[in-house]
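The values are calculated or read from the model by the stated rules, or taken from the named source; none is laboratory data. Quick caveat, the model's predicted, so the values are computed rather than measured. Here Cβ is always computed from backbone atoms with ideal geometry, including for glycine, and neighbour counts include all displayed protein chains. The accessibility values were calculated without ligands, DNA or RNA, using every heavy atom of the protein model including side chains. Shrake-Rupley method; radii C 1.70, N 1.55, O 1.52, S 1.80 Å.
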Amino acid sequence: MTGTADYSEKIPNNIGLREDRRLQRALESWQPNFLSWWESMGPALPTEDVYLRTAVNVGREGWAHFDHVVMKDYRWGIFLAERKADRRIAFGEHKGEPVWQNVPGEYRAELRRLIVIQGDTEPASVEQQRNLGATAPSLYDLRNLFQVNVEEGRHLWAMVYLLQAYFGREGREEAEELLHRNSGSEDSPRILGAFNEETPDWLSFFMFTYFTDRDGKYQLGTLKESAFDPLSRTCEFMLKEESHHMMVGTTGVDRVVERTAQVMVEHDTDDVVGHGAIPLPIIQRYLNFHYSVSLDLFGSETSTNVANYYTAGLKGRWSEERRRDDHKLTDDSIMVEALVDGEIGEIQVAALVGLNTDLRREYISDCQNGVNRWNKILEDAGLAHRLKLPHVAFNRRVGALAGIEATPDGEMISADEWQRRKGEWLPTSVDKSYVRSLMQPVHERGKIAAWIAPPRQGINGKPFDYDYVHLA
Ligand code: BYC
């Protein structure tokens, strides 16, 4: 198998699909359903073509091709990173054994569940972002939105491939279900909480791509360690695409903060509303919301599910192979957040059941890097105000801290006080209306909305004023 995809095929792939007629038929019969889902749930803004990156190769060099393409003709393909000869299981009770090319019968249900949960998030995010094109602050941003959308579509293909290739009839049924559940639907919502929230404006989009896509990075990083080699290779390639999504979030928030700081300095005021920028307290409240709902995505502080996944070799830790321990963890322990005598505290538990906490902490320290960057922008502008990550107990709806309320500083408060004061910490309807009022589209080449600074760099060496999108 080579790394290069065959684009003459109906479904571009590097998995030798042509040689597996049964799988080819199954995927080709799912393809029209995907396309009609994309038509009805994908980007709503009509375009002629968009300057997009398409994956063509999985090697180190030149894995993607950039061109103007008609979005509905985008070639969603199936790509696995190259197979590593003699790859061995790196953790759990099968540590040291050869990785699996097929799904062991005893782990079928768990693996399917993990793949379905991962797969469910991908189309969900496309649905959440469906209407954002209408209010894009520039053609550059519009193009990035569409790039993220088509790649989330490809990530759905990546999971559907695994379901169809390795899970028989149940896998085919799950693949259909992935197109039937919808973000925010009353009857059949998406599986995880954050994927049923709205992404109604671009500040939310940048926060989502910073905080929620970053959960994707960490979850994919643990699935890349999987003993089930096709899952590992699929996730490895998805991570490559994922880094662009997080760049969109990181630099998107950078640019919002930069613009606000400019206006604050220029007019010597904190009150930037009259000048069409987004006040820092609103940015902080959006940050608080997206960060806290993303913390929930890691599951409970203690979980027997995650202990079983690890022991079985299905889902590893972040940077598993760089950790200096026995990679079995049967005798280890970890401190995790818990309610201790009714107060926010920590308890010691077996390391295996605490693995969701271990991953969440890796994620939290990565999130802090973004906050540091945004604060550097404020510092460089000579401003004293700083952004910060709220306490891990703030606004939690999953896990040990779900039953209590806490301030962003981690002080426990009553449900009444929470109701009274939550508008200090989470976006209020006034905040949201104000942000939405700024969301006037700027679809003119080289122009940008007043609430955000232009990017420092364009895409693929092109300038900011390149014709990234031709609208219909
Ligand atoms: N909302 O034992 P627990 C991405 C459920 S993002 C609703 O702690 P576990 C992307 C849980 O399912 C990455 N329900 O759970 C980003 C369980 O239900 P059951 C997505 C939740 O299994 C942006 C019960 O509560 N990938 O790629 O240890 C754009 C008990 O929980 C939530 C993955 O997540 C929630 N937030 O851990 C596009 C990787 N959290 O079994 C894409 C695959 C938990 O009692 N998933 N529950 O019915 C997993 O590894 C794990 O399933 C989880 C949960 C980490 C999600």
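Count of the range 388-419 residues, restricted to those that are under 23 Å from Ile278 (Cα atoms), open to solvent by 20 Å² or more (accessible area, probe 1.4 Å) and of a type outside the set (D, E, K, R), is 2. Filtering the range 295-305 for residues that are among the aliphatic types (A, V, I, L, M) and more than 30 Å from Leu426 (Cα to Cα) leaves an empty set.
One residue stands out in the range 95-118 among those that are surrounded by fewer than 20 Cβ atoms within 10 Å (Cβ to Cβ) and part of a loop (DSSP other than H, G, I, E, B): the one that is nearest to the ligand (Cβ to nearest atom), namely Pro104. Within the range 240-247, is even one residue hydrophobic (A, V, I, L, M, F, W, C) and open to solvent by less than 10 Å² (accessible area, probe 1.4 Å)? There is no residue in the range 240-247 that is hydrophobic (A, V, I, L, M, F, W, C) and open to solvent by less than 10 Å² (accessible area, probe 1.4 Å).
If you check Asp73 against the conditions, is it open to solvent by 40 Å² or more (accessible area, probe 1.4 Å) and closer than 26 Å to Asn460 by Cα? Judged against the criteria, Asp73 is a match.
Looking only at residues of the range 32-60 that are open to solvent by less than 30 Å² (accessible area, probe 1.4 Å) and part of a helix (DSSP H, G or I), we find that the one that is nearest to Arg181 (Cα to Cα) is Trp37.
Take the range 263-278 and flag every residue that is in a helix (DSSP H, G or I) and within 20 Å of Gln440 (Cα to Cα). Show your work before the answer.
Kept after step one, since they are in a helix (DSSP H, G or I), are these residues of the range 263-278: 263-267, 273-275.
Across the range 263-278, the qualifying residues are Val263, Val273, Gly274, His275.
Looking only at the range 366-387, residues that are open to solvent by 10 Å² or more (accessible area, probe 1.4 Å) and part of a helix (DSSP H, G or I) come to 10 in all.
Looking at Val263, is it open to solvent by 10 Å² or more (accessible area, probe 1.4 Å), away from the ligand (no atom under 16 Å from the Cβ) and of a type in the set (A, V, I, L, M, F, W, C)? So Val263 fails the test. In the range 206-227, which residues are within 11 Å of the ligand (Cβ to nearest atom) and either closer than 23 Å to Leu132 by Cα or under 8 Å from the mean Cα position of the chain (by Cα) (or both)? Phe208, Thr209, Tyr210, Phe211, Thr212, Asp213, Arg214, Asp215, Gly216, Lys217 - these are the residues of the range 206-227 that are within 11 Å of the ligand (Cβ to nearest atom) and either closer than 23 Å to Leu132 by Cα or under 8 Å from the mean Cα position of the chain (by Cα) (or both).
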